[in-house]
Amino acid sequence: MITVVEDTLGEAWLKCTQSVLEHGVPHYDEDVVILEVLGLSLEVASPSSDDQIVSEKGDRYVIERMLKKFSKGVEMEDRPFTYGQLIYDMNGIDQFDWMVGRLRNKSETKSAAISLLVPGLNQANLPCLCVVDSKIRNGKLNLQFFFRSQNVFGRQYANLVAIARLQEKLAASVGCDIGILKGYIASAHIYEYDLEEARSLVEGRPLNIVDRYYSNGPASVRISS
């Protein structure tokens, strides 16, 4: 397993991208080659949804779309689900309020964790983010997560911004400072069509990141879009 520890979201994204480039093994997502690391752990000491590196380097459209995907009460016609629906309306349960209630009722709780997977669901498209865990330690709200799969170069930065925003909202709701953000990615990967841009990112060369997943990704995605 590879472990990345950095101060900010942007620094963690750069290091995770570098780690996949250096240690990734070729694999396939349908007809598209990926470089994949099985098991990548990351820790961000000072997470903030307003991150300078992400703002400068990331695709603004991808960030805004990801924040929308995590928002309460938002439906997206081109998506079978949103994380907002899974967090705020999972089978009629507002899981965010449920976490807040458990944290307020017992600040030392170890059980303020939610799942975003529906048991037995057999659709082709399942949530990449599966578990969110919140714990108050030393007066700070720490958030941990589990991704079954993550497109590190193309989407991680936006995922981290949205999760950091969720952490900030939780911390405000329970009256805590913000603690660490930690997570585990079972399949951390970069698509072949993004490899050159990923190298430019970690080497500090000029680049203009544009999400090409729906135009260059797996065949089923290209066909459905």
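Taken together, the values in this text are just the output of simple stated rules run on the coordinates, not laboratory data. No experiment lies behind these values; they were computed from the predicted model shown. Cβ placement follows ideal geometry from the backbone for every residue including glycine, while neighbour counts extend to all protein chains displayed.
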* When the residues of the range 110-122 are filtered to those that are surrounded by 14 or more Cβ atoms within 10 Å (Cβ to Cβ) and of a type in the set (G, A, S), which remaining residue is nearest to Y83 (Cα to Cα)? -> S115
* Asked: Residues in the range 1-8: is at least one within 21 Å of I178 (Cβ to Cβ), in contact (Cβ under 8 Å) with a residue 12 or more places away in the chain and not in a strand (DSSP E or B)?
  -> yes
* Flag if S215 is touching a helix residue (DSSP H, G or I) at 6+ places or on another chain (Cβ under 9 Å), surrounded by fewer than 19 Cβ atoms within 10 Å (Cβ to Cβ) and polar (S, T, N, Q) -> yes
* Among V33, V62, which is the only one that is under 20 Å from A158 (Cβ atoms) and surrounded by 13 or more Cβ atoms within 10 Å (Cβ to Cβ)? -> V62
* Out of the range 133-178, which residues are in a strand (DSSP E or B), under 17 Å from the mean Cα position of the chain (by Cα) and either hydroxyl-bearing (S, T, Y) or more than 13 Å from L42 (Cα to Cα) (or both)? -> D133, S134, N142, N151
* Asked: Which residues, taken from the range 25-57, are touching a residue at least 60 places away in the same chain (Cβ under 8 Å), closer than 14 Å to R165 by Cα and not small (G, A, S)?
  -> V44, P47, D51, V54
* Going through the range 89-132 one residue at a time, which ones are in contact with a Ser or Thr (Cβ under 8 Å, 6 or more places away or on another chain), outside any strand (DSSP E or B) and within 30 Å of E30 (Cβ to Cβ)? -> A124, C128
* **Lone unmet requirement of (1) without any contact (Cβ under 8 Å) to a residue 60 or more places away in the chain; (2) of a type outside the set (G, A, S); (3) closer than 18 Å to A186 by Cβ for R60** => (3)
* Name the residue, out of R102, R137, R148, that is farther than 28 Å from I53 by Cβ and out of contact with any helix residue (DSSP H, G or I) (no Cβ under 8 Å at 6 or more places or on another chain). => R102
* To do: Could you give me the residue pairs with C-beta distances under 8 Å whose first residue belongs to the range 123-145 and is exposed (fewer than 15 other Cβ atoms within 10 Å of the Cβ), whose second residue is hydroxyl-bearing (S, T, Y) wherever it lies, and which are 6+ apart or on separate chains?
  => A124/S220
